[in-house]
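Some notes on the structure that comes next.
Coordinate-derived values only; no laboratory data. In this text the structure is predicted, and so the values were computed from the model without any measurement. Cβ: placed from backbone, ideal geometry, glycine included. Neighbour counts: every protein chain shown.
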Amino acid sequence: MADASGVLSVSPVIPVVTIDDPQDAVPLARALVDGGVKIIELTLRTDSALTSLKLIAEEVPDILVGAGTILTPAQADAAVQAGAKFLVSPGITPALLTSMLSLDVPVLPGVATVGEVLAVLEAGLEAMKFFPAGPAGGPPYLAAIGAPIPHVQFCPTGGISLATAPDYLKLPNVACVGGSWLTPADAVAAKDWGRITSLAGGAAALTR
Ligand code: 3PG
């Protein structure tokens, strides 16, 4: 159950979303679904994030909702209790990895070095988030990792746009990418759900 390979197959792009006002959660999630993106990584970066996560889990059954920016075991527990169907962390520690793996949902741990890739493999997972993808080396770095470790599938995230996503998606060890560009803060503030649906449509049309 813990491996997140199935999560990475849902969409070419996992939207990484931060919501301040829980009232925005359901319409935003529906806007993504309307554009063809049926997955959302909701970051635990706001006080109300768990409330938004619960609302999406309860009211938008068509979307697979996960929790991102998991930094501590306590956050992992709280996210699953709120309805998270998968967990994403920007990095790993032994305690965080053990704690996430004790929960009954797929886990997508963040890695940025070959040593971290090996540590996550030792824990039994072959799907990982590569973060922060752009600053850490981008597509050439992932291509180089694929030579000795071809069986790991990555979701690179961090500094990726609609324009640069294809450079990642063409790599054999990239299953999908993550990014916040589908839900710009100004579109959310303006409740411009049509713009988010349009951005989701562009992302859903990417090929991999
Ligand atoms: C993440 O947590 O995955 C990143 O903050 C998303 O990065 P981006 O905003 O550069 O897409």
Using +1 on the beta carbon of Lys and Arg, -1 on that of Asp and Glu, and nothing else charged, what's the dipole of the range 74-208 about the Cα centre, debye to 20? 320 debye
What is the sum of charges around residue 48, taking Lys and Arg as +1, Asp and Glu as -1, for the other residues whose C-beta is under 13 Å from the C-beta of residue 48? -2
Residue separation between residue 113 and residue 189 times 0.36 nm, minus their alpha-carbon distance, gives in nm 23.8 nm
Convex hull over the Cα atoms of the range 37-113, averaged projected area in nm²? 5.1 nm²
Rounded Å value of the spacing that divides the Cα centres of the range 60-98 and the range 11-30: 16 Å
Taking 20 °C and 1.002 mPa s as the conditions, I'd like the Stokes-Einstein D for the range 79-171 in µm²/s, using the Kirkwood hydrodynamic radius from alpha carbon pairs. 156 µm²/s
When DSSP assigns beta bridges and you keep just the ones with both residues in the range 5-204, what percent turn out antiparallel, to the nearest 5? 0 percent
Taking K and R as +1 and D and E as -1, what net charge do the other residues with C-beta under 10 Å from the C-beta of residue 14 add up to? 0
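Suppose a student asked you for the relative contact order of the range 1-51, using Cα pairs under 8 Å spaced at least 6 residues apart; what percent would you report? Write down the numbers at each step before the final one.
On the way: 47 pairs, mean separation 23.4, N = 51.
Computed over the range 1-51, the figure is 46 percent.
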Sum of side-chain charges, residue 139 neighbourhood, beta-carbon under 12 Å (Lys, Arg +1; Asp, Glu -1): 0
Using the alpha carbon gyration tensor of the chain, what are the three equivalent-ellipsoid semi-axes (square root of 5 times each eigenvalue), largest first, in whole Å? 25, 21, 13
Based on the alpha-carbon gyration tensor of the range 1-76, what equivalent-ellipsoid semi-axes (square roots of 5 times the eigenvalues) come out, in whole Å, largest first? 18, 17, 10
